[in-house]
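Read-outs: derived from the displayed coordinates by stated rules, not from any lab. Every value quoted in this text rests on a predicted model; they were computed, and no experiment measured them. Counting neighbours? That spans all protein chains shown, and the Cβs are built from the backbone with ideal geometry, glycine included.
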Amino acid sequence: MTRVLAIYPISTGYEVMGFLHIIAAIVAFGPLLVYPTLKDAAPERLAKLHMTITFPALVALWVFGMGLAGMSDDTFKMSQTWLVLAIVDWAILMVVSFFLIKPAITDTSDSAKSKFSAGVGITHLGMIVGLALMIWKPGY
């Protein structure tokens, strides 16, 4: 059985980039776990939180992930299935975050509530898919 490492010991820079990638994932997805309970209490503050912390952390997640792929000394190639699927997963999460969650936070209509719930649910699913891709690396 192969050993699963969160961050491969390729170089110190690679390990720092991996650490930043994991921190960006925690910052991006952590608040989303409590969004449903915060939405009714302070929607304006939640919208600000989303656009100043969560959304930029999703961008940082991609930046550090691409840095890891680029610094891997040919261990990982952009044509590998798990990396392609991870990029597609990330792109879906960005679209959902910007076009479903963000506008629905401050809107109180019924359609906005369903868009918000769908957006948060899709994001949770995308987080699980991304985590599974990072752990098992299909096609590697």
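By count of other Cβ within 10 Å, fewest leading, how are Val120, Val34, Val129 ordered?
By the 10 Å Cβ count, ascending, the order reads Val34, Val129, Val120.
Work out, in µm²/s and without decimals, the Stokes-Einstein translational diffusion coefficient of the chain at 20 °C, 1.002 mPa s, Rh from Kirkwood over C-alpha pairs.
Diffusion coefficient, whole number: 135 µm²/s.
Going by how many other beta carbons lie within 10 Å of each one, how would you line up Leu49, Leu133, fewest first?
Ranked by crowding around the Cβ, least crowded first: Leu49, Leu133.
Taking only the Cα atoms of segment 59-104, how large is their convex hull per residue, in Å³?
About 53 Å³ per residue, rounded to a whole number.
Ile23 versus Asp40, label points 7 Å from Cα toward the beta carbon: distance in nm?
Modelled inter-label distance: 3.6 nm.
Using helices alone, what [θ] at 222 nm do you get for the chain, with -39,500 (n - 2.57) per DSSP H run of 4 or more residues, divided over all residues and rounded to the nearest 500?
Per the formula, -21000 deg cm²/dmol.
Note down the nm distance, to one decimal, between modelled labels 7 Å out along Cα→Cβ at Trp136 and at Ser111.
Modelled inter-label distance: 3.8 nm.
Given Cα pairs under 8 Å that are at least 6 residues apart, what percent is the relative contact order of segment 12-136?
30 percent
How would Asp74, Asp107, Asp89, Asp40 line up from fewest to most surrounding beta-carbon atoms within 10 angstrom?
The order, fewest Cβ neighbours first, is Asp74, Asp40, Asp107, Asp89.
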